[in-house]
Structure formats: C-alpha cells, structure tokens
Amino acid sequence: MSDLVTAAFLAQVLRISVPYTLAALGATCSERGGVVNIALEGILLIGAFACVLVTWVTGNPWLGVLGAVAGGVLAALLHAALSVSLGANQIVCGIALNLLAVGITKFLLRVIFGSSSNSERIAGLPEWRVPGLSSVPIVGPIVSSPLMLAAVLLVAGTWLLLTRTPFGLRLRAVGEHPEAADTLGVSVSQLRYAGVLLSGGITGLGGAWLAMEQHSFTDGMSSGRGFIALAAMIVGKWHPLGAAGACLLFGFAETLEIHLQSAHVPTQFIQMIPYVVTIVVLAGFIGRATPPAADGVPYRKEHD
C-alpha cells in the first residue's frame, strides 16, 4: 500500500509540475537570447483563456491547445515588439503585459461567458491508453496524458535546440555577446524575436494544461505559477534540464501542501510552503547563478 501511495504522490508531483516546467522552458528560451520575460504569468493566463475559448467555440480540445499556443505567441509578440524593436525596459514591459492579461481575460470572460469568475465547462483531451505502459507507475501517467508527454519531450527538445543546433548557438550568442554576433552577420533582433516567440508558444501550452485540468477558465487561474517558473529557471541556472529539475522541486512542495491540508496544520502555514521553498532555494542553495551577459540589455547597434 505504501508503494502505491508513493507512486500516486509522485504522479501528482509530475502533474503539478507541468505548467511550471513549460513556463520555465519558455523563460529559458527568451532569456538565453537576452530578453527578460517577466510576462510568463500573463502568457499563462492568455494561453488558458484562448484554449477554453477555442475549445468552447469549436468543441475540439485539440484545436483549443493550438489556440493556447497561438495566444501565447501573440502575447509574446507584443512583448518582443516593445522590448526588442522599441528598446523599452523589459521588466516594465513584462509587468505591463501581466496586468493587461489579467484585465483583458476578466473583461472577455464577462463579455463572452457572462461571468467575471468562470467560463463554461469544456471537454478535456482524451487520455491515451498505451498497452504495457499505461499501468506502469510514474511512466503510465506520462504516456497517458498528451500534454504531460509533450512537456517531457519539450524538456529534451529545448535542451537539444539550445545546445546542439546552429539556431541555439546563435540564440545564446546574442544573449551573451550581441555585438560580436552582429559583427558576424547574425541578426540580433530576429533571433531575440524568435526566442521570445518560442517562449510564448511553450508557455501558452502551459496555459492549455491549466485549462484542460480544470475544464474551464477561472479568473486569475495562473495563481503565481509564472513567477515561480521564473524562479525555477534561475535555480536551474538558465538551463532547460536544471529548470525542469527545479520545477519538480516546486511541484513536490505544492503536492506536499495539498496532502497536509488534511492534517491539523494551520491553513496559512500550509499555503506558504511553495513560496517559502522558492525563497529558501533562491537564497541559499543554488550557489552563484549568473545570467547571460546581455540578458535584459537592449541592443540598438546592429545593421541588418
């Protein structure tokens, strides 16, 4: 029985870690190119709302997932236009986008669904049944859930993209030494746009996970996950595998919070656990975390 409980606990950790992981991967793609993406929280919200809206209109949850990715890309495009093309302060742009996402999703929620808190219920993605694997602890939940499997594949895919491809090499170059990359004929602005848009698409997929898990959109449903994902990226030292590992840690903390709710522990203390873990890990257990040298620094000297 204890083994089953442990397997169920770990499976829950994996499920809770999915939106953190996708948002952290998105942040890694953006910041490796030199653009700070504080807007993860807003992109998760927009992705979740787009997923629910498209699924509700079409009745097809797969189209809803594509809608979430498209919504995330559009939100990221706005961030890239302001921070890359116009050279605006990237932190301010990200905060503004977060506020815009909160306002516009609440407004559209009321206009389209007639509620300021919840949307209509939507159908979720069907689970896959893989003979011989679906019943295996830990592995079963991953291969049975399309979005969880996509998250695992994206961790490996993002690592390969950033470390083993010419695109990844150039993206990291414009995040470290944009002047040198520009001198070699690499378009700094185009690569930074690509990194930010890739960030938006992956994070939007995290929004789709939130929507599909709840089968609806709830006002403010991202609930700080974007900020924790940003912390996970820093804990992971701007590396996809490190960020994913940090997200598992935060997923463990949130799962522990859920399981402790049945114990005689003050609710306020339980709700603090994920955030306390974030602060403690950032403050004392990751060593020196050095971001890309040009992260957050606008570049205005390239000549395409």
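The values are calculated or read from the model by the stated rules, or taken from the named source; none is laboratory data. On a predicted model such as this, the values are computed, not experimentally measured, just so you know. Glycine gets a Cβ as well: all are built from the backbone with ideal geometry, and neighbour counts include every protein chain shown.
Computed values, structure above
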quantity: Residue within the stretch 221-230 that is surrounded by fewer than 24 Cβ atoms within 10 Å (Cβ to Cβ), outside any helix (DSSP H, G or I) and in contact (Cβ under 8 Å) with a residue 60 or more places away in the chain present; calculated: yes
quantity: Some residue of the stretch 233-253 being among the basic types (K, R), within 12 Å of the chain's Cα centre (by Cα) and either surrounded by fewer than 22 Cβ atoms within 10 Å (Cβ to Cβ) or at pLDDT 90 or above (or both); calculated: no
quantity: Residue match in the stretch 141-151 (condition: modelled with pLDDT of 85 or more and touching a Phe, Trp or Tyr at 6+ places or on another chain (Cβ under 6 Å)); calculated: yes
quantity: All positions within the stretch 190-225 that are of a type outside the set (V, I, T) and under 23 Å from P298 (Cα atoms); calculated: Q190, L191, R192, Y193, A194, G195, L197, L198, S199, G200, G201
quantity: Lone qualifier among L10, L14, L22 - being closer than 30 Å to P137 by Cβ, in a helix (DSSP H, G or I) and either modelled with pLDDT of 95 or more or touching an Asp or Glu at 6+ places or on another chain (Cβ under 6 Å) (or both); calculated: L22
quantity: Candidate set from the stretch 105-163 (those that are within 26 Å of S223 (Cβ to Cβ) and of a type in the set (D, E, K, R)); member that is surrounded by the most Cβ atoms within 10 Å (Cβ to Cβ); calculated: K106
quantity: Any hit, the stretch 168-185, residues being over 27 Å from F113 (Cβ atoms), basic (K, R) and without any contact (Cβ under 8 Å) to a residue 60 or more places away in the chain; calculated: yes
quantity: Residue ID - nearest to G47 (Cα to Cα), chosen from residues in the stretch 164-204 that are surrounded by 24 or more Cβ atoms within 10 Å (Cβ to Cβ) and among the hydroxyl-bearing types (S, T, Y); calculated: T203
